[in-house]
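All remarks here apply to the structure that follows.
The values are calculated or read from the model by the stated rules, or taken from the named source; none is laboratory data. Note that the structure is a prediction, hence the values are computed from the model and not measured. Positions of Cβ are backbone-derived with ideal geometry, glycine not excepted, and every protein chain shown enters the neighbour counts.
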Amino acid sequence: MFHDDQKLIQDKVSFALLDWYASHKRLLPWRDPQGMPTDPYRVWVSEIMLQQTTVSTVRGYFERFVSRWPTVHHLADAALDDVLHEWQGLGYYSRARNLHKWARVIIKKFDGVFPTAEEDLLSLPGVGPYTAAAIQSIAFNYPSTVVDGNVERVIARLFSLKAPLPQAKSEIHKLATQIRSEVQPSNYAQALMDLGSSVCVPKSPKCDICPLEKFCSAKNKNPEAFPVRQEKKEKPTRHGIFYFIQDRKGRIFLEKRSLSGGLLSGLMALPSEGWDSGNDDPAVRLKLKNIKPFPQKVRHVFTHFSLVAEVRYAESAIVDGLWVFPEELQDYALPTLMKKILKLALQEIAG
Ligand code: SF4
């Protein structure tokens, strides 16, 4: 691709893409149906909601949010608790807190007028280079390079990039900037994102109907192979022992893990040893007796390692500490690993 004059190709790509977009754009509640640059407040709310969340989930939340707080002034006046409540179910609550904080900064620092300069946008809570570029181009029709996951895929395929992600990110950004349209930046940015989400999809891209097909160097080379992904290193495996300790009343012993950082910090857990540096020797500390291993093991995957957990039944004569009946376990903040271990142990003792 791009052996001809760079500017000529850039114009052809823009023309083909914008022409396709005119009849294929997705109708989304935060977009102007006529393709005009959109209210920056709506762009901003949608972009923050779309971080880590799919378009189909965001639609309903977005509509409820902007009908309750239609402008940045309304949002700045809102109580944070109400904003968090409206956010319920979307997850990643720091986004809601940042939106609320940002609304107040816009009112206080920028007199209620959305800033357009990149450095001002980047100074706002929760705004990174992608969100700043999206607001600049979609809301203000400013030629910024907007690269989300969809655009990354389109560019990697157009140029058959050999470098794997994430190392290829800066090259992708450079190439996306080179082919960027200066004519209709807002539409162009959204067109490229839409192309990635509906045509140049991860599996079985629809090259036969793609407006960029004649410019694409991956088209006849198994496009699914792009972007190249770095081979995942196999995770190391750790082994740990977890004690399911019961008293005569059938209560189970729980303890809170250390608050000084580390895995599952501050969460309720069964005493354990051998799998992370914070463990001590529960058998001695809790005067355990009648220790018997359950035949089955529990497997759990953390970000950096896999864990094989041996679960041991034990009894203890100690009375201090937190003893919980099985039916009360749901009242405690138990991490998934502990829930898996408790489930196995309760099944085993039920016979
Ligand atoms: S031709 Fe195929 S691989 Fe290339 S950009 Fe279009 S859909 Fe993606």
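Suppose we keep only residues that are farther than 20 Å from L165 by Cβ, out of contact with any helix residue (DSSP H, G or I) (no Cβ under 9 Å at 6 or more places or on another chain) and in a loop (DSSP other than H, G, I, E, B) within the range 221-252. Which one would you say is nearest to the ligand (Cβ to nearest atom)? Within the range 221-252, the match that is nearest to the ligand (Cβ to nearest atom) is P236.
Taking the conditions exactly as written (of a type in the set (K, R) and within 9 Å of the ligand (Cβ to nearest atom)), does K206 satisfy them or not? In short, yes. Considering the range 131-157, and only residues there that are over 27 Å from S217 (Cα atoms) and surrounded by fewer than 20 Cβ atoms within 10 Å (Cβ to Cβ), the residue that is farthest from the ligand (Cβ to nearest atom) turns out to be F140. Taking (1) surrounded by 15 or more Cβ atoms within 10 Å (Cβ to Cβ); (2) closer than 30 Å to L99 by Cβ; (3) more than 13 Å from the ligand (Cβ to nearest atom) in turn, L122 satisfies each apart from (1). For first residues located in the range 214-243 and without any contact (Cβ under 8 Å) to a residue 12 or more places away in the chain, partners that are near the ligand (Cβ under 9 Å from one of its atoms) and aromatic (F, W, Y) and lie 6+ apart or on another chain with Cβ distances below 6 Å do not occur. Among the residues that make up the range 246-259, is at least one of them at pLDDT 95 or above and of a type in the set (D, E)? Looking for residues that are at pLDDT 95 or above and of a type in the set (D, E), one finds none in the range 246-259, hence no.
For the range 76-100, give me each residue that is small (G, A, S) and in a helix (DSSP H, G or I). A76, S94, A96, listed by residue number. Is at least one residue of the range 44-62 assigned to a helix (DSSP H, G or I), modelled with pLDDT of 95 or more and more than 23 Å from the chain's Cα centre (by Cα)? No, the range 44-62 contains no residue that is assigned to a helix (DSSP H, G or I), modelled with pLDDT of 95 or more and more than 23 Å from the chain's Cα centre (by Cα).
Being assigned to a strand (DSSP E or B) and of a type in the set (G, A, S) is the filter; apply it to the range 292-326 and report the residue that is modelled with the lowest pLDDT.
Keep residues of the range 292-326 that are assigned to a strand (DSSP E or B), which gives 292-301, 306-316, 322-324.
Restricting the remaining residues to those that are of a type in the set (G, A, S) gives 306, 309, 314, 316.
Values: S306: 95, A309: 97, A314: 96, S316: 89.
Looking at residues that are assigned to a strand (DSSP E or B) and of a type in the set (G, A, S), I get S316.
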